[in-house]
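The structure under discussion appears below in the form of structure tokens.
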Amino acid sequence: NEDDPCVSPDGRFIAFDAWANNRADIYIMNVDGSGMRPVYGTIAQEESPHFSPDGRLLVFTRTATAGTSRSQQVVVTDLNGSGEVVVAEGHGGVFTPSGSEIVYIDSRGRIKAAPAPTDIRGGRTIPFIAKREVEQSKLFAQAFDEAWNRIATNFYDKKFHGVDWKNM
């Protein structure tokens, strides 16, 4: 399921979205079909890429769904997918011919324009899953020690109403 193709201004590349792992991600390939590679993908859906006039950046729509809630963002990345700039809440972003703005549709259906980034700096967050093993007995002992220390140093009656809690 590969669609929404866009040819780079210099005619060398095609950017498009493709479904893999139950979601759409952004890919790029040479115009002859060789060298297909992923550019950008998260757990959300990334679709409808468009090149900047100089061909260095891609703008696309990211759609995230959580339960019945759905949000869309206009996002810009470079051709390596090495970072991201969220331009606005909305969808359908395209660069103006000058490259100075990105025109998009906001959540209320209005056509809007936002300043286009000139560069992508910094990395993006990459979601991951990790396995963590915890010994419950050590965790409970640590929690108890922390709680006791707090009580022992902050209890309003330094004599603990005559009870020797350390020995108890």
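The values are calculated or read from the model by the stated rules, or taken from the named source; none is laboratory data. A quick note: this is a predicted structure, and the numbers were derived from the prediction, not measured. Positions of Cβ are backbone-derived with ideal geometry, glycine not excepted, and every protein chain shown enters the neighbour counts. Ligands, DNA and RNA are excluded from the accessible area calculation, which covers all protein heavy atoms including side chains. Shrake-Rupley method; radii C 1.70, N 1.55, O 1.52, S 1.80 Å.
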How many residues does region 76-87 hold that are surrounded by 14 or more Cβ atoms within 10 Å (Cβ to Cβ) and either of a type in the set (Asp, Glu) or in a strand (DSSP E or B) (or both)?
6
If a residue has to be touching a residue at least 12 places away in the same chain (Cβ under 8 Å), assigned to a strand (DSSP E or B) and within 15 Å of the chain's Cα centre (by Cα) to count, how many in region 37-68 make the cut?
12
From 119, 106, which residue is surrounded by 13 or more Cβ atoms within 10 Å (Cβ to Cβ), at pLDDT below 95 and of a type outside the set (Phe, Trp, Tyr)?
106
Taking region 17-36 and keeping only residues that are part of a strand (DSSP E or B), out of contact with any Gly (no Cβ under 7 Å at 6 or more places or on another chain), open to solvent by 10 Å² or more (accessible area, probe 1.4 Å) and more than 20 Å from residue 120 (Cα to Cα), one is left with 19, 20, 23, 30
Residue count, region 1-16, condition at pLDDT below 95 and either of a type in the set (Val, Ile, Thr) or not in a strand (DSSP E or B) (or both), comes to 1
Got at least one residue in region 137-147 being open to solvent by 80 Å² or more (accessible area, probe 1.4 Å) and either part of a loop (DSSP other than H, G, I, E, B) or in contact with a Pro (Cβ under 8 Å, 6 or more places away or on another chain) (or both)?
no
With (1) open to solvent by 40 Å² or more (accessible area, probe 1.4 Å); (2) more than 13 Å from residue 15 (Cβ to Cβ); (3) touching a strand residue (DSSP E or B) at 6+ places or on another chain (Cβ under 8 Å) as the list, and residue 90 as the residue in question, which single condition is left unmet?
(1)
